[in-house]
Amino acid sequence: MATDGINGINGVNGTRSKHDIAALKVSQSRLLDAIHTGCKFGAAHRYGDDPTETGMARLSLNDADKQVRDWFTKTAESLGCSTTVDQMGNQFAVRPGKNATQPPIMIGSHLDTQPTGGRYDGILGVNAGLEVLKVLHENNVETEGSIGVVNWTNEEGARFPMMAVSSGVWAEAVPLETAWNLPEVSAGEDGQRKTMKQELERIGYLGSQPASYKAFPIAAHFELHIEQGPILEAEKRRVGVVKGVQAFKWFEVTVRGRDTHAGTTPFSARMDSMLCAAKLIVESNAIAKKLGGLATTGILNQQPGSINTMAHTVTFTLDIRHVEDAKLSEIEQACRSEFARIAEKESEKGCKVEWKELVDSPAVNFHPDCIAVVEESAKDVCEGLPMTAEDGQLWKHMISGAGHDSCYTNRRCPTSMIFSVTKDGVSHNPQEYCSPEDCAVGVQVLLGAVLRYDQRRAERGDFA
Ligand SMILES: [Zn+2]
């Protein structure tokens, strides 16, 4: 460890060179040890002999979640952090900087998992924050402003069915009462479906701090997350510099035809809603491909549901995505007009199509200052790694395909994200995996980004 570099961080003039930041190293073994220690709470779905070869079933606000929350608080307090809990159970741990009166930079993610989840989704992000604090703590680094870690409650939306609901309340995008009154998706052993508020109370995490960006302002929010997709691995890269989150819309499409006998109705006399729906789904795929987006049908229901009778009604869901709002609306318009044409002209005697919009989530663009420090840090960290990418670049600008807490924080403070390699692109699965080396690379990029941002704050006079 280059101690002169570290001393330079606390130099009399308060400046920190690129070299100083590079001298601070995350500990891969300590990071992995923390990840797997925390995963003892809620481990499930064993798939191998090694103690760490299990998935997770740590649904938000269950007993295992309480245990890992207690562990989080204890760990953070051992690093000199003060901790608070808000009305949504969001846990904030802050390590004071030289100027502790200004809002902190927060590193955030989530410790809850899917019922058949893995050891990295969200968990890597929170542990990354704790590891950053450990590096600062062990090197006696005094940052310009305060730096902390936040564990956002129920990001997965798996137990209480609203994704990233608690960062949503913090951003004042979701009303507190709506969130508190969310009932769990399935009843507990006593046959009751508890609400979020009841469960927050039961495990002792209904905090008194108002769940709002006004009560707990954040200067900037950074999140390290596994990519959850196959791109970094396929291109043999190590780090994703995430610029935003793609736009998406969800629809329920209903196709109405007529139920008649399969043996006695000639094609020319049919109003076959199933055949029509099949053509529409195929068409949505072609349109999305042509316009560079995605289209998915995940649910399809038909009535009456009989082998020898045509369905009179078919409903299916349509999830369309694109990185640009304008292109997404092009996909939607093309689907609407083509669906109408196919239903009328290419479905024998014709069917009727109705659309119902379920969700409209515009594209998220992260803050340029946050993206810039992540990119600088990624370049630095990648310089020291063996070259594997064909084009000689180990990092890549990316757009997230999935939503995250960072989408909500981005509404109230500068935000950006970092992606780590995900083996086979598999996530929301017990065998979800990010190698120890890639976990550590991600945290190293995070550390460099946070320290650069801290320095920028000082330089632009945030603390003056
Ligand atoms: Zn996640």
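The values are calculated or read from the model by the stated rules, or taken from the named source; none is laboratory data. The model shown is predicted, which means the values in this text are computed figures rather than measured ones. Neighbour counts run over all protein chains shown; Cβ positions are idealised from the backbone, glycine included.
Check whether at least one residue in the range 247-263 is among the hydrophobic types (A, V, I, L, M, F, W, C), assigned by TED's automatic domain parsing to the domain that holds Trp355, touching a strand residue (DSSP E or B) at 6+ places or on another chain (Cβ under 9 Å) and free of Cβ contacts under 8 Å to residues at least 40 places away in the same chain, and report yes or no. No, the range 247-263 contains no residue that is among the hydrophobic types (A, V, I, L, M, F, W, C), assigned by TED's automatic domain parsing to the domain that holds Trp355, touching a strand residue (DSSP E or B) at 6+ places or on another chain (Cβ under 9 Å) and free of Cβ contacts under 8 Å to residues at least 40 places away in the same chain. Condition check for Glu330 on (1) within 12 Å of Ala247 (Cβ to Cβ); (2) in contact with a Lys or Arg (Cβ under 8 Å, 6 or more places away or on another chain); (3) assigned to a helix (DSSP H, G or I): one failure, at (2).
So that you can scan it fast, the table gives a plain yes or no per residue for (1) more than 25 Å from Gly244 (Cβ to Cβ); (2) within 16 Å of the ligand (Cβ to nearest atom); (3) not in a loop (DSSP other than H, G, I, E, B):
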position: Glu156; (1), (2), (3): no, yes, no
position: Arg159; (1), (2), (3): yes, yes, no
position: Met162; (1), (2), (3): no, yes, no
position: Gly168; (1), (2), (3): no, yes, yes
position: Ser186; (1), (2), (3): yes, no, no
position: Glu189; (1), (2), (3): yes, no, no
position: Leu206; (1), (2), (3): yes, no, no
position: Phe216; (1), (2), (3): no, no, no
position: Gly229; (1), (2), (3): no, yes, no
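Note on the range 236-307: enclosed strands (runs of 3 or more DSSP E) holding 1 or more residues that are of a type in the set (Ser, Thr, Tyr) are 247-256, 294-296. The selection criterion, being β-branched (Val, Ile, Thr), more than 19 Å from Cys407 (Cβ to Cβ) and in the same structural domain as Met310 (by TED's automatic domain parsing), does not hold for Ile320. Residues in the range 48-63 that are out of contact with any helix residue (DSSP H, G or I) (no Cβ under 9 Å at 6 or more places or on another chain) and either closer than 23 Å to Pro183 by Cβ or aromatic (Phe, Trp, Tyr) (or both): 1 in all. Given the structure, is Arg452 away from the ligand (no atom under 15 Å from the Cβ), in contact (Cβ under 8 Å) with a residue 24 or more places away in the chain and part of a loop (DSSP other than H, G, I, E, B)? So Arg452 fails the test. For residues that are assigned to a loop (DSSP other than H, G, I, E, B) and either within 14 Å of the ligand (Cβ to nearest atom) or in contact with a Lys or Arg (Cβ under 6 Å, 6 or more places away or on another chain) (or both), tally how many sit in the range 387-417. Result for the range 387-417: 7. Evaluate the range 362-372: report whether one residue or more is in contact with a strand residue (DSSP E or B) (Cβ under 9 Å, 6 or more places away or on another chain), among the acidic types (Asp, Glu), within 16 Å of the ligand (Cβ to nearest atom) and modelled with pLDDT of 95 or more. Looking for residues that are in contact with a strand residue (DSSP E or B) (Cβ under 9 Å, 6 or more places away or on another chain), among the acidic types (Asp, Glu), within 16 Å of the ligand (Cβ to nearest atom) and modelled with pLDDT of 95 or more, one finds none in the range 362-372, hence no.
Counting the residues of the range 418-437 that are outside any loop (DSSP other than H, G, I, E, B) and either in contact with a helix residue (DSSP H, G or I) (Cβ under 6 Å, 6 or more places away or on another chain) or surrounded by 24 or more Cβ atoms within 10 Å (Cβ to Cβ) (or both) gives 4. In the range 378-406, of all residues being buried (at least 24 other Cβ atoms within 10 Å of the Cβ) and of a type in the set (A, V, I, L, M, F, W, C), the one that is farthest from the chain's Cα centre (by Cα) corresponds to Val381.
Selection of the range 286-316 for residues being closer than 20 Å to Ala402 by Cβ and either modelled with pLDDT of 95 or more or not assigned by TED's automatic domain parsing to the domain that holds Val353 (or both) yields Ala288, Gly292, Gly293, Leu294, Ala295, Thr296, Thr297.
You will find that of Leu130, Leu124, the residue that is within 10 Å of the ligand (Cβ to nearest atom) and touching a helix residue (DSSP H, G or I) at 6+ places or on another chain (Cβ under 8 Å) is Leu124 and no other. Here the condition is being away from the ligand (no atom under 16 Å from the Cβ), buried (at least 22 other Cβ atoms within 10 Å of the Cβ) and either more than 19 Å from the chain's Cα centre (by Cα) or aromatic (Phe, Trp, Tyr) (or both); of Glu144, Glu177, it holds for Glu144 alone.
Ser420 fulfils the conditions (1) assigned by TED's automatic domain parsing to the domain that holds His45; (2) away from the ligand (no atom under 16 Å from the Cβ) except for a single criterion, (2). For the range 103-118, filtered to residues that are in a loop (DSSP other than H, G, I, E, B) and within 12 Å of the ligand (Cβ to nearest atom), the residue that is surrounded by the fewest Cβ atoms within 10 Å (Cβ to Cβ) is Gln114. Going through (1) in contact with a Ser or Thr (Cβ under 7 Å, 6 or more places away or on another chain); (2) farther than 20 Å from Ser361 by Cα; (3) assigned to a helix (DSSP H, G or I) one by one, Gly129 falls short only on (1).
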